[in-house]
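S.K.: One structure is given below, represented as structure tokens, and several questions about it will come after.
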Amino acid sequence: GAVVSQHPSRVICKSGTSVKIECRSLDFQATTMFWYRQFPKQSLMLMATSNEGSKATYEQGVEKDKFLINHASLTLSTLTVTSAHPEDSSFYICSAFRGNTIYFGEGSWLTVV
Amino acid sequence: AQKVTQAQTEISVVEKEDVTLDCVYETRDTTYYLFWYKQPPSGELVFLIRRNSFDEQNEISGRYSWNFQKSTSSFNFTITASQVVDSAVYFCALSMEYGNKLVFGAGTILRVKS
């Protein structure tokens with residue numbers, strides 16, 4: 001079964017609105033989670049590292065004020081895309097480390113219209 | 001800087017053929033971890049294998065096998081007797097620390113035709 005779960009799997013939002021994506025570790029605690037973005041037919045690029053109880057670490061070129069990350073508990077990290085625009089339409093996927101493996105969530109398809 | 005190169009953008013084979021997906025990596029670190037993931041059309045990433053830099057043993061898991069060669073900085077993936085269900089995008093990835101962030105290659109689209 002799933003080890004890391006994301007919600008929603010698909011979301012459509014209007015340009016200018018904000019949308020929140022959740023990433024949960026199931027049955028284990030994850031002090032660190034990672035958020036990646038994948039544009040169509042492209043590879044996955046790390047956006048930020050989410051740290052429980054502290055500020056996220058963003059990769060170069062990722063706007064921290066636009067992509068808000070909150071890791072308020074040991075099992076939940078959220079990514080909020082604020083003032084979304086069509087160019088933010090992408091596949092967002094999170095990951096967490098458990099045991100000997102890095103597990104990924106199912107991913108969330110965001111379409112901004 | 002770390003980099004992963006998957007030179008094959010797309011590969012098409014006929015069912016039951018063997019296919020090898022290439023992966024070449026760059027890193028200055030002596031300790032690192034290499035991964036392969038499968039991404040079907042639904043999008044989720046399916047973990048296939050992890051290898052650390054100190055373990056150069058090749059591995060076989062059913063129809064899958066991996067060839068890790070530090071001398072050429074390569075970590076190639078072979079599917080024997082391919083099946084239609086193997087059709088997916090395959091990513092090779094590199095990590096500097098255990099459980100840390102991954103640097104992905106561009107991915108290789110594998111199409112297996114019946």
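Here, each number is a calculation from the coordinates, and none is a lab measurement. Predicted, not measured: the structure shown is a model, and the values here were computed from it. Every residue, glycine among them, receives a Cβ derived from its backbone with ideal geometry; neighbour counts consider all protein chains shown.
S.K.: What residue among B:PRO40, B:PHE68, B:GLN8 has its Cα farthest toward the positive end of the dipole of chain B, where the charges are +1 on Lys, Arg and -1 on Asp, Glu, each on the Cβ?
M.R.: Of the options given, the answer is B:PRO40.
S.K.: Counting alpha carbon pairs within less than 8 Å and at least 6 residues apart, what relative contact order, in whole percent, applies to chain B?
M.R.: Relative contact order, chain B: 38 percent.
S.K.: Check the straight Cα-Cα distances from A:LYS20 and name the lysines below 23 Å, setting aside those fewer than 8 residues away within the same chain.
M.R.: Candidates past the 8-residue exclusion: A:LYS55, A:LYS64, A:LYS66, B:LYS101.
S.K.: Starting from the range B:20-110, pick out the trypsin sites (Lys or Arg not before Pro) whose DSSP state is loop and whose Cβ has at most 10 other Cβ atoms within 10 Å.
M.R.: Passing both the DSSP loop test and the Cβ count: B:ARG28.
S.K.: Viscosity 1.567 mPa s, temperature 4 °C: Stokes-Einstein D of chain A from its Kirkwood Cα radius, in µm² per second?
M.R.: The Stokes-Einstein estimate is 93 µm²/s.
S.K.: Among A:SER25, A:ASN51, A:VAL11, flag the residue with its Cα farthest along the positive direction of the charge dipole of the range A:9-51, charges on Cβ as +1 for Lys/Arg and -1 for Asp/Glu.
M.R.: Going by the Cα projections, it comes out as A:VAL11.
S.K.: Tell me which aspartates and glutamates have Cα within less than 20 Å of B:LYS70's Cα, excluding those fewer than 8 residues away on the same chain?
M.R.: B:LYS70 reaches B:ASP22, B:GLU26, B:ASP29, B:ASP55, B:GLU56, B:GLU59, B:GLU97.
S.K.: State which entries of A:LYS14/B:LYS3; A:LYS41/B:LYS3; A:LYS14/A:LYS41 exceed 27 angstrom in Cα-Cα distance in the structure shown.
M.R.: A:LYS14/B:LYS3
S.K.: Two decimals is fine: what is log10 I(q)/I(0) at q = 0.08, 0.09, 0.12, 0.16 Å⁻¹ for the protein assembly as shown, from a Debye sum with one equal scatterer on every Cα and no solvent?
M.R.: -0.30, -0.38, -0.67, -1.13
S.K.: Let me ask something else. Let me know the charge dipole size of the protein assembly as shown about its Cα centre in debye, to the nearest 20, where only the beta-carbon of Lys, Arg (+1) and Asp, Glu (-1) is charged.
M.R.: Using Cβ point charges on Lys, Arg, Asp and Glu, the protein assembly as shown gives about 320 debye.
S.K.: Moving to a separate point now. Can you give me the convex hull volume of the Cα atoms of chain B, divided per residue and expressed in Å³?
M.R.: Cα convex hull per residue, to the nearest whole number: 96 Å³.
S.K.: Counting Lys and Arg as +1 and Asp and Glu as -1, what is the net charge of the other residues whose Cβ lies under 13 Å from the Cβ of B:SER42?
M.R.: 0
S.K.: Just add up the charged neighbours of A:VAL112: K/R +1, D/E -1, any other residue whose Cβ is under 9 Å from the Cβ of A:VAL112.
M.R.: Residues near A:VAL112 contribute -1 overall.
S.K.: Continuing with this model, one more query. Which net charge results when you count Lys and Arg as +1 and Asp and Glu as -1 among the other residues whose beta-carbon is under 11 Å from that of A:HIS7?
M.R.: That sum, taken over residues with Cβ under 11 Å, equals +1.
S.K.: Per-residue mean of other chain beta-carbon atoms within 10 angstrom of the beta-carbon, peptide B:18-31?
M.R.: Other-chain Cβ atoms within 10 Å of each residue's Cβ, averaged: 0.
S.K.: Only Lys, Arg, Asp and Glu count, each charged at its Cβ (+1, +1, -1, -1), so figure out the dipole size of chain A about its Cα centre, rounded to 20 debye.
M.R.: Result for chain A is approximately 120 debye, rounded to the nearest 20.
S.K.: Suppose we flag trypsin sites (Lys or Arg not before Pro) only when DSSP calls them loop and at most 11 other Cβ atoms lie within 10 Å. Which is the longest uninterrupted stretch of chain A?
M.R.: Here the longest segment lacking exposed loop sites spans A:42-113.
S.K.: Tell me whether the range B:52-104 comes out rounded, prolate or oblate; compute the Cα gyration tensor, take square roots of the eigenvalues as a ≥ b ≥ c, and use a/c under 1.5 as the rounded threshold.
M.R.: Oblate shape, in that a/c is at least 1.5 and b/c is the bigger or equal ratio.
S.K.: What do you get for Rg/Rh over the range B:1-63 if you use C-alpha atoms and the Kirkwood form of Rh?
M.R.: With Rh from the inverse mean 1/r over Cα pairs, Rg/Rh is 0.98.
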